[in-house]
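One structure is given below, encoded as structure tokens.
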Protein chains: 2
Amino acid sequence: MHTLTTPPPPAFDVLSPQCPSRTVLRHVTDRWTPLIVSALEEGPLRFGRLRERVGGITPKVLTETLRSLERDGLVLRTVGPTSPPRVDYELTELGATLAGPIQTLRSWAQEHAEAVLSARDRYDAE
Amino acid sequence: MHTLTTPPPPAFDVLSPQCPSRTVLRHVTDRWTPLIVSALEEGPLRFGRLRERVGGITPKVLTETLRSLERDGLVLRTVGPTSPPRVDYELTELGATLAGPIQTLRSWAQEHAEAVLSARDRYDAE
DNA sequence: TTCCTCGGTTACGTTGAGGTATCTGGTATC
DNA sequence: GATACCAGATACCTCAACGTAACCGAGGAA
């Protein structure tokens with residue numbers, strides 16, 4: 001009796017230039033995505049709160065980035081019928097699986113920022 | 001008898017716009033850095049091999065990115081006195097600590113690429 | 001009636017990361 | 001002498017992401 005074997009996974013590899021996973025990687029590492037995902041990790045936020053949390057982002061860019069995250073199924077946008085309008089943003093299930101890896105990278109940056117900066121100083125001193 | 005307490009760490013936070021850790025995060029998430037770090041994770045590579053491994057990168061951009069990684073103490077460049085020239089690139093100790101987080105993100109992208117793409121298809125279909 | 005808030009939109013300008021194409025220096029090989 | 005190899009360097013250009021500033025509509029409050 002032979003077992004039913006699952007077909008081999010399509011072998012995504014970001015190192016191959018045409019692999020779709022590369023564009024996915026690029027999207028989740030663009031300028032604001034890690035910061036937004038990071039901010040949403042602790043729960044839903046309204047547009048205004050999110051804007052305050054992610055320091056320095058303009059409303060235009062925040063809207064654009066949120067729309068692309070919504071498009072890729074990482075963020076859910078919920079509009080309340082109130083006035084003034086209330087719009088909540090939260091991570092989807094898929095988005096939540098991204099939060100871990102993002103946090104890992106965020107922690108690395110925060111923990112090694114000094115090491116990187118001092119390496120840069122040493123390099124520039126020569 | 002009181003114990004000597006270490007001073008509290010400077011509280012780097014990528015969500016604050018002026019925090020140096022944000023530029024560090026941005027650097028390690030730029031277009032080619034994750035791919036290069038990924039390629040170097042298994043050991044040193046020569047310029048040409050690295051170029052083959054990271055599909056699609058041009059020599060100019062590879063040189064630029066490697067120099068900035070060297071500057072930040074993440075990559076070590078070793079020139080052999082041979083001819084034709086032989087140049088090896090490898091991760092430093094600091095660079096090696098980055099490889100893990102990068103791999104996590106790379107795996108996420110590869111494992112969830114299909115989910116993202118199909119979410120995008122669904123979104124665009126509406 | 002005027003003002004305020006929220007969550008944007010729109011038009012426009014900028015810039016810097018990245019791409020293209022061509023060139024280089026030194027050595028060994030044909 | 002010509003050619004090939006390696007690891008880039010250089011000049012130039014492009015474009016998409018990002019920033020700036022102003023504006024908007026619905027509704028509730030003063």
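Laboratory data are not the source of any read-out in this text; all were calculated from the coordinates shown. Keep in mind the model is a prediction, meaning the values are calculated, not measured. Glycine also receives a Cβ, built like all others from the backbone with ideal geometry; neighbour counts cover every protein chain displayed.
Side notes on the structure shown:
- Distances between copies of B:Ala11, taken at a point 7 Å out from Cα along the Cα→Cβ vector and listed shortest first: 5.1 nm.
- Per residue of B:35-44, other chain Cβ atoms within 10 Å of the residue Cβ number 1 on average.
- Across the identical copies, how the A:Lys60 labels are spaced - nm, sorted shortest first, 7 Å along Cα→Cβ: 2.8
- The convex hull around the C-alpha trace of the protein assembly as shown, projected and averaged over every direction, spans 23.7 square nanometres.
- Around the Cα centre of chain B, unit charges on the Cβ atoms of Lys, Arg, Asp and Glu (plus for the first two, minus for the last two) sum to a dipole of about 480 debye.
- Between A:Asp13 and A:Ser21, the built amide H atoms are under 5 Å apart, and every one of these is 5 or more places off in sequence or on another chain.
- Whole-Hz ³J(HN,Hα) from phi, Karplus 6.51 cos²θ - 1.76 cosθ + 1.60, for segment B:112-126, glycine and proline x: 10, 4, 4, 4, 5, 5, 6, 4, 5, 4, 4, 4, 5, 6, 8
- Near the amide H of A:Arg86, within less than 5 Å, lie the amide hydrogens of A:Gly80, all on another chain or at least 5 residues away, with H placed in the peptide plane.
- Axis between A and B by rotation; chain A residue with nearest Cβ and distance in whole Å recorded as A:Thr29, 2.
- Distance between modelled label sites at B:Glu42 and B:Ala96, nm, 7 Å Cα→Cβ extension: 1.8
- Label-to-label distances for A:Thr82 across copies, nearest first, come out at 6.9 nm, using points 7 Å from Cα in the beta-carbon direction.
- D (Stokes-Einstein, µm²/s), Kirkwood Cα radius, chain B, 0.692 mPa s at 37 °C: 191
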